[in-house]
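The structure appears below as structure tokens.
No value in this document is a laboratory result; all are computed from the given coordinates. All of these numbers come straight from a predicted model, not from anything done at the bench. FYI the Cβ positions are ideal-geometry reconstructions off the backbone, even for glycines, and counts take in every protein chain you see.
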Amino acid sequence: MNNNPTVLEIKLSSIEHNLNFFRSKLQNKTKILAVVKASGYGSDEVVVAHLLEKQNIDYFAVAYVDEGIALRKAGIKTPILVLHPQLENLSLLIQYKLEPNLYSKKIFLSFLDLIKKSDLERFPIHLKFNTGLNRLGFKNSDLDFLLSHLKSNDSFTIASIFSHLVASEDPNERDYTLDQINQFNEIANSFELSLGFKPMMHMTNTSGILNYPEAHFDMVRLGIGLYGFANDSQLNSQLENVISLKSVISQIHEIDKNESVGYNRGIIATHKMKTATIPVGHADGLFRSLGQGRIFVTVNNEKAPIIGNVCMDMIMIDVSDIQCDEGDQVIIFDSQQEVLKMAYQANTISYEILTTFSDRIKRISI
Ligand SMILES: *Cc1c(COP(=O)(O)O)cnc(C)c1O
């Protein structure tokens with residue numbers, strides 16, 4: 001049992017709200033793949049996937065095979081695309097009916113070998129094309145190789161072809177993005193010419209969904225938007241915050257002028273003050289760079305800055321002017337604005353803040 005008083009709350013009704021917001025941006029025929037990698041962006045992928053399965057989501061995606069296995073073991077029946085499978089776990093992938101992204105010649109040929117031996121029929125595979133991200137995927141110049149292997153083969157079926165945008169959130173890169181979309185359209189045309197059909201196509205992540213409706217194709221890949229973020233404060237306000245981090249006051253101290261608080265005397269009191277110690281620290285994902293007053297937490301509806309240095313398992317906050325007692329609740333964050341402020345202060349992005357909270361913190365869904 002995990003009796004850690006620090007909890008990450010997952011608000012399920014907000015995920016539903018956010019899903020419906022994105023549904024309203026799509027044509028009826030456009031499918032939605034929900035990205036639940038990295039424990040559902042730091043939340044709880046099983047809880048999120050069960051909720052979305054009830055909402056008739058079309059597809060899930062995870063990054064690694066283990067993440068997909070966890071979903072299957074939890075009873076998820078919806079198709080699951082594994083975005084980044086590795087050679088060593090291709091047979092596990094088949095065993096758990098997970099659908100691979102085959103992104104290189106090596107993994108493509110290994111997988112083909114394996115399914116031919118396992119006498120499977122029409123096992124779904126996905127092919128990823130590199131249109132500029134230069135991370136994973138086949139190039140345009142690999143098309144002949146691919147198409148020659150794809151003709152008349154009953155052991156697998158091409159469930160989809162896809163690509164990934166480099167800068168879908170950045171209006172300054174609009175030309176680059178449109179070029180990616182064009183390249184992807186040309187690849188799909190080559191498929192149609194050579195194989196006589198166009199496989200299901202998908203290209204957009206959250207900000208791509210919002211900024212490039214012309215690239216919705218047959219399916220969109222919705223990740224961080226489900227969790228309340230859309231790269232723009234006006235849109236964020238139409239989404240609901242999903243993830244909140246809450247804790248309690250462990251101890252209160254009266255500090256005299258010239259006393260210090262925390263490691264390396266991170267703060268020296270210039271006047272009498274009252275501090276509270278909270279059981280969450282940098283080992284839990286609350287970055288050390290957020291100390292020294294860079295963010296506030298909330299105690300009894302009042303804002304209290306983190307003072308001194310963030311410790312491994314604790315922070316100290318200034319509650320000099322706040323009525324509070326040991327055991328009172330502390331909200332580290334419960335809004336998108338607070339997550340974005342943390343990201344700004346730690347010189348990172350909301351994605352890294354959300355996915356960084358350790359397993360020591362209990363997840364609860366409400
Ligand atoms: C993570 C990921 C997504 C989801 O992106 P968001 O910006 O979170 O919506 C979509 N596609 C691929 C290939 C990814 O790796």
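Reducing the stretch 4-82 and the stretch 275-324 to their Cα centroids gives an inter-centroid distance of 31 Å. Each Lys or Arg adds one and each Asp or Glu subtracts one; over the other residues with Cβ under 15 Å from the Cβ of HIS271, this totals -2.
Past the 30 Å Cα-Cα mark, which pairs from LYS97/LYS139; LYS25/LYS303; LYS25/LYS341; LYS54/LYS116; LYS25/LYS246; LYS25/LYS116?
Values: LYS97/LYS139 27 Å; LYS25/LYS303 36 Å; LYS25/LYS341 27 Å; LYS54/LYS116 35 Å; LYS25/LYS246 33 Å; LYS25/LYS116 41 Å.
Flagged as over cut-off: LYS25/LYS303; LYS54/LYS116; LYS25/LYS246; LYS25/LYS116.
Taking 7 Å steps out from each Cα toward its Cβ at SER233 and LEU195 produces label points 4.6 nm apart.
Do you know the relative contact order of the stretch 1-59, to the nearest whole percent, from alpha carbon pairs under 8 angstrom that are 6+ apart? Don't skip to the end; give the middle numbers.
Working: 26 pairs, mean separation 22.5, N = 59.
Averaging sequence separation for qualifying contacts and normalising by length gives 38 percent for the stretch 1-59.
The Rg/Rh ratio of the stretch 45-201, with Rg taken over Cα atoms and Rh as the Kirkwood radius over Cα pairs, comes to 0.98. Cα centroids of the stretch 101-127 and the stretch 154-218: how far apart, whole angstrom? Cα centroid of the stretch 101-127 versus Cα centroid of the stretch 154-218: 22 Å apart.
Over the chain, DSSP H runs of length four or greater, each weighted -39,500 (n - 2.57), average out per residue to a 222 nm ellipticity of -8500 deg cm²/dmol.
Take the Cα atoms of the stretch 243-365, build their convex hull, and give its volume per residue in Å³.
Numbers: hull volume 12.1 nm³, N = 123.
Dividing the Cα hull volume of the stretch 243-365 by its residue count gives 98 Å³.
Find, to one decimal place in angstroms, the Kirkwood hydrodynamic radius of the stretch 37-104, where the mean of 1/r is taken over every pair of different Cα atoms and then inverted.
On the way: mean 1/r = 0.0843 Å⁻¹.
Value: 11.9 Å, from the Cα pair sum.
Quick one: compute a quarter of the convex hull surface over the Cα atoms of the chain and quote it in nm².
Working: hull surface 81.5 nm².
That works out to 20.4 nm².
Packing here is the average count of other Cβ atoms within 10 Å per residue, and on that basis the peptides 239-246, 114-121, 299-306, 76-83, highest first, run 239-246, 76-83, 299-306, 114-121. A full extension of the chain between LEU147 and ASN347 corresponds to an added length of 67.6 nm, given 0.36 nm per residue minus the alpha carbon distance.
What is the chain's relative contact order, in percent, from Cα pairs under 8 angstrom and six or more apart in sequence?
With pairs under 8 Å counted, the relative contact order is 19 percent.
Model label sites at TYR176 and MET312, defined 7 Å from Cα along the beta-carbon direction, differ in position by 4.0 nm.
Normalised by the number of residues in the stretch 282-366, what is the relative contact order in percent for Cα pairs under 8 Å and 6+ residues apart? Could the numbers behind the result be given before it?
Working: 116 pairs, mean separation 26.8, N = 85.
Rounded, it is 32 percent for the stretch 282-366.
If N is the number of residues in the stretch 5-119, what value comes out of its Cα radius of gyration divided by 2.2 N^0.38 Å?
Working: Rg = 15.8 Å, N = 115, 2.2 N^0.38 = 13.4 Å.
In units of the globular-protein estimate, the stretch 5-119 measures up at 1.18.
Extension gain for ALA74 to HIS271 (0.36 nm times residue separation, less C-alpha to C-alpha distance): 65.5 nm.
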